[in-house]
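Below is one structure; the comments refer to it alone.
Taken together, the values in this text are just the output of simple stated rules run on the coordinates, not laboratory data. This is a predicted model, so every value here is computed, not measured. Note that each Cβ is placed from the backbone with ideal geometry, even for glycine, and that neighbours are counted across all protein chains shown.
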Amino acid sequence: MASYAACESKPLFRQTRETSWRIPLTGARIPHRRFLTDIGPLQVLRFLFVGGTAFLIYFILEFLLEGTYLRPYGALTIAYATATAYHFLMNRYFTFRSSSVDGGISTTLLRYVSVVVLNYAITLIVVTIAASAYLRTQVGMLAAVVLTTIVSFVLSKTWIFKPPRRGLRAEEMAE
C-alpha cells in the first residue's frame, strides 16, 4: 500500500486533507480509500431502506390516485413529487444525518436535483444500450437501478449531503 507521502508526490493529484485529493485547475476533490472506511453498513442499509420506501410511496400513491380525475399524468406527477421530496428529506436527516451543508438548503436541493437529472440520463443511456442489444426494456431498467443507486450513494455522501468544513488551515482557504 502506498503511504500518504507517496500520494502527495504524484504530480497530477495533491492531497489537501486526510480524505481527499484535489485535482489541479479544477479544484475538484477525489475521495481516497478512507472514504470506503467511512461508509458504515448501517448507512448503506439506511440508504437502501429510504430508496425502497420512497418507491413504495410512489407506487402506492400512484395506485390510489389512478382512479381519480388526475390520471394518468397528474397521478404520476403527484406521486413522483411526493416520493422525491420524501427521498430527499429522509436522506438528508436520516441516512446522512446532515442538518447543514456548504451553501445551505438551496445548494443542497440544487445538488440533489442535479443528481436526479444525472440518474435519469444514466437510465436513458443504459436502457438504450440494452434495447440496442435486443434485451427487454426491464433488463436495462434493472441495470440502471443498480448503477444509479451506486452513483446516488457516492454523490450523496461526497457532494450533496457533505457537511461543511470547519477549521480549515489558511493555505486550504486560499486555494
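Each of 53, 123, 68 was scored by other Cβ atoms within 10 Å of its Cβ. Listed from fewest to most, they are 68, 53, 123.
Nearest 20 debye, what's the magnitude of the dipole of the range 47-140 about its Cα centre given +1 on Lys and Arg Cβ and -1 on Asp and Glu Cβ?
Details: 5 positive and 3 negative charges, 22 e Å.
The calculated dipole for the range 47-140 is roughly 100 debye.
The HN-Hα couplings worked out from phi for the range 110-115 by the Karplus form 6.51 cos²θ - 1.76 cosθ + 1.60 (θ = phi - 60°) are 5, 5, 4, 4, 4, 5 Hz, whole numbers, x standing for Gly and Pro. For the range 41-97, just say rounded, prolate or oblate: build the C-alpha gyration tensor, square-root its eigenvalues into a ≥ b ≥ c, call rounded for a/c under 1.5, and beyond that prolate if a/b exceeds b/c, oblate if not. Here the range 41-97 falls in the prolate category. With the simple model of a label 7 Å out from the Cα in the direction of the Cβ, residue 142 to residue 55 spans 1.2 nm.
Its Cα gyration tensor gives the range 102-162 an equivalent ellipsoid; the semi-axes, largest first and in whole Å, are 28, 10, 6.
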